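A quick write-up on the structure given underneath.
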Amino acid sequence: MRLLLALLLPVAIVPAPPTDQVVIAAGHVDLGPRFVDGKWTIQVRDDTGDPVVWRPLENVVIQATEKAEVSVPTDPSYEFLGKPGAKVWVIPQVQQDGVVWPGWNTQDTEVAKRVDREVTWSLHGVDGPGTFTLFLNSDFGKPAPVFDSRKPFPQETGVDVNTHVHGNWTFATPGSYLLDLSMTAKLTDGTTVTDRRPLRLHAGPGNPRDAFKPAEGAAAGEKAGQPAAGQGAGQPDAVGRSPWPWLGGSAALVALLGTTYALIRRRRA
Amino acid sequence: MRRGRRVTAAAVAFVVLAASGCAGTSAGAGGKLNVVATTEILADLAQRVGGDRVTASSLVPAGGDPHSYEPTPADAKRVAKSDVTFTNHLLLEPQALIKTIDANAPKGTPNVSLAEAAESYGAHVIPLVEDIGLDVLWLGLRVRGTGKARGATRTSSVQLTATKVDGPGKLIAYLTESLGQPDVYFGGPADSTTLPPAAHTHLNWAFTKPGVYHLTLEGKLDVGEGKPLQPLGRGTFTFAVGVEPHKVRPADGGTATVLDDGHTDLTVDLDTGQVYAYSDAQRPGEAQSAVPAARVVIDVPGKALETVPDDPRFAFLGKAGAQIHQLPQAVLGKHVHGEIDPHLWEDVANAKAYVQLIRDTLISVDPDGSSTYRVNADAYLRELDELDSYVRSQLTKIPADRRQLITTHDAFGYLASAYGMKVAGFVVPNPAQEPSVDQVRKLSETIRNLKVPAVFTEPNLAQRASVLTQVARDNGVRVCSIYGDSFDEHARTYVAMMRHNADELLLCLGEKK
């Protein structure tokens, strides 16, 4: 009886520690800059559990499940998504039950206080099996594009400071997508800060954890100087098999930096 | 890059001054520093700081409009002879004017764009609003709390019903989905919607006629399993559509909290059962606020006027081409990425930042004049402090429900922000543009609905004034005049123009009819 009662009460889901690799397929998350140990860093704010957790971008896959699958409408304004009737995976701008709701915000207290007016959000490349777009619904539903993987890179948009926004994230083909993102801002003290790293997403069928694969090198490198962190399930394959060669390169670089950092720390200690 | 230029300028300045000291060959008359600015306002500030050591002049002639000014070959020559050049910022001056300066300013002399550089002197900068229709309250629906005490679970839902709606026209709350399909929540065929606990959604709030509307929202908890719905609470929100919100009484008849900016959700609280407006903090660090429904007046201003599209899916809003007021479901795209409103001086505190930047620039070119520039700037800054107090005290006298500014162009955002006024409308954002039929129609509607006591033309924008004057005459509204970007024969200094603006605004808006 007591057990039954407990089931009926809303149970606060204790979130996985931010060091774990997690797939988020439902609930609210935001992409946004923070000052992590004083360093401007893009992270994911995970509102799906209690308490709220900020996660390193490297440890998150945002998944558009089968619930996000729709058909391209006949309205010509949407032909950028494909032929009418074609399948497309759309994470909507407005919350939809059972579909992850990713937005972006510049509301972290320190960010809101220190950033001068706006953050520049840039997309430097997309690696995935199909077209990726991010668009907003403006007046009377007309789509207003923010990013489109078919257009030349880098692409950029402005995010006003102390704001929180949602858009429509679309994927033309199922599979894993890596967005090479940066966020840059001028601070009120006149200095400029920037951070660039990949955001992983997965659309439709397939194992969303595949999106972690090419990142293993980077993750391992970053952890080099830290105590062993909790590892998520599904040990990914070696970096060498990565279908994202550019990322393999940057991952190696990050790994190198991580090692160097570890060495310096050791020497100081 | 600007900083780099200034450092070089300081080094080169030594050479320039050494030359002028020996032979008097400096460009300026009588060995004075020759300062060229784009506008008379900037030249005035520079002259006040420079005093006897400086000759400051403006490229845009007296009474000219900087937005549409076309530089002449003579201007290029003047720039070439300058020791220092001051511009404001692109979007005030046209590109051709900026280019004339950049191309002709002698190498190594400071060429300072005041608006941006003044930020490091404490200037307050406003991002440029691109779509004025998005510069309104962002209004959604929300369910807060867990409802544990009422037996709510994660699978429970909350039914929100518009139990009563009244107003001169229809109130329609709807959501346009990702692929353009509208979904009506309230006011159309459906008057009820369901949200899960801890959810929120953004909606379009459309009103088919201007006036005052009341919306009574009631929340009921559905714990499922066929159990009856549990009533939570209800509350009545008030909307001021196209009309001055401070003249509108909230549902409880008391003093209203007017919501006209930022992000607010009409909220049902699962724990307390209350219905209230839940607003994001306006500034970082401030608390979110909850105002009971009966105290709230939501401003749906003239800026929110929209034309119903020629699309059968939106026929529930009215005939194609009909004018409605609408708070949009998303307000992103309101600002132009990277651009700022260039009219900083309409806030006296910003003019003070300009003065300090001008002082330091002049010192970098003419270090011998350092003490003179400091003394002049200090005296002028004190005068500007007095001016700021004067403008503030004059505008404070205008009653809260009469602070709407309607002008020829969008030059008064800083004045509004600094001194508690509100920009209700303008003929065109930038006077270099022609107003469209739609813009003129929107302006007429705004003036008619708001019943403003007066509208304001600018002396240098006679052409744009004809549109505003006509609309005002049609509506029996007084036409007054304030200074935006330029002086005229009556106001020859920045201080005089700001004093005039304060006096004129009080005279034209402050008196009861």
Next on the checklist: Criterion first (on the phi < 0 side of the Ramachandran plot and more than 9 Å from chain B (Cβ to nearest Cβ)) does A:G82 satisfy it?
Outcome noted: no
Next on the checklist: Which numbered condition in (1) crowded, with 18+ Cβ neighbours inside 10 Å; (2) under 30 Å from B:D385 (Cα atoms); (3) in contact (Cβ under 8 Å) with a residue 60 or more places away in the chain is the only one that B:K442 fails?
Outcome noted: (2)
Item to check | Selection count, segment A:163-188, where residues are under 21 Å from A:Q95 (Cβ atoms) and either at pLDDT below 95 or within 9 Å of another protein chain (Cβ to nearest Cβ) (or both) | outcome: 7
Checklist outcome for this item: Scanning segment B:218-256 residue by residue, the ones that are crowded, with 18+ Cβ neighbours inside 10 Å and in a loop (DSSP other than H, G, I, E, B) total 8
Checklist entry - Is segment A:14-23 home to any residue that is within 14 Å of another protein chain (Cβ to nearest Cβ), at pLDDT 90 or above and closer than 25 Å to A:T194 by Cα? => result no
Next on the checklist: Just checking, does segment A:106-117 include any residue being assigned to a loop (DSSP other than H, G, I, E, B) and either more than 17 Å from the chain's Cα centre (by Cα) or buried (at least 18 other Cβ atoms within 10 Å of the Cβ) (or both)?
Outcome noted: yes
Checklist entry - Here are B:L270, B:L259: which of them is surrounded by 19 or more Cβ atoms within 10 Å (Cβ to Cβ), in contact with a Lys or Arg (Cβ under 7 Å, 6 or more places away or on another chain) and assigned by TED's automatic domain parsing to the domain that holds B:T153? => result B:L270
Checklist entry - Can you name every residue in segment A:87-99 that is more than 9 Å from chain B (Cβ to nearest Cβ), more than 18 Å from A:P145 (Cβ to Cβ) and not β-branched (V, I, T)? => result A:K87, A:G98
Item to check | Subset of segment B:493-511 [surrounded by fewer than 21 Cβ atoms within 10 Å (Cβ to Cβ) and either free of Cβ contacts under 8 Å to residues at least 60 places away in the same chain or touching a strand residue (DSSP E or B) at 6+ places or on another chain (Cβ under 9 Å) (or both)] | outcome: B:A496, B:H500, B:E504, B:L507, B:E511
Checklist entry - Looking only at segment B:114-155, which residues are among the aliphatic types (A, V, I, L, M), under 17 Å from the mean Cα position of the chain (by Cα) and at the interface with another protein chain (Cβ under 8 Å from one of its Cβ atoms)? => result B:V125
Next on the checklist: Considering only residues that are more than 8 Å from chain B (Cβ to nearest Cβ) and either in contact (Cβ under 8 Å) with a residue 12 or more places away in the chain or buried (at least 21 other Cβ atoms within 10 Å of the Cβ) (or both), which ones fall in segment A:135-162?
Outcome noted: A:F135, A:P145, A:V146, A:F147, A:D148, A:S149, A:R150, A:F153, A:P154, A:Q155, A:V159, A:V161
Next on the checklist: Given the options B:V158, B:V184, name the one that is within 14 Å of chain A (Cβ to nearest Cβ) and surrounded by 20 or more Cβ atoms within 10 Å (Cβ to Cβ).
Outcome noted: B:V158
Item to check | Some residue of segment B:193-206 being out of contact with any Lys or Arg (no Cβ under 7 Å at 6 or more places or on another chain) and away from chain A (no Cβ under 14 Å) | outcome: no
Item to check | From B:L381, B:L405, residue being of a type in the set (A, V, I, L, M) and out of contact with any strand residue (DSSP E or B) (no Cβ under 6 Å at 6 or more places or on another chain) | outcome: B:L381
Next on the checklist: Being more than 17 Å from A:L201 (Cα to Cα) and surrounded by 14 or more Cβ atoms within 10 Å (Cβ to Cβ) is the filter here; which residues of segment A:37-46 pass it?
Outcome noted: A:W40, A:T41
Checklist entry - What about A:V72, is it without any contact (Cβ under 8 Å) to a residue 60 or more places away in the chain, crowded, with 20+ Cβ neighbours inside 10 Å, under 22 Å from B:E177 (Cβ atoms) and within 13 Å of chain B (Cβ to nearest Cβ)? => result yes
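The values are calculated or read from the model by the stated rules, or taken from the named source; none is laboratory data. Because the structure is a prediction, the values reported are computed rather than measured. Don't worry about glycine lacking a Cβ; one is built from the backbone with ideal geometry, like all the others, and counts go over all protein chains shown.
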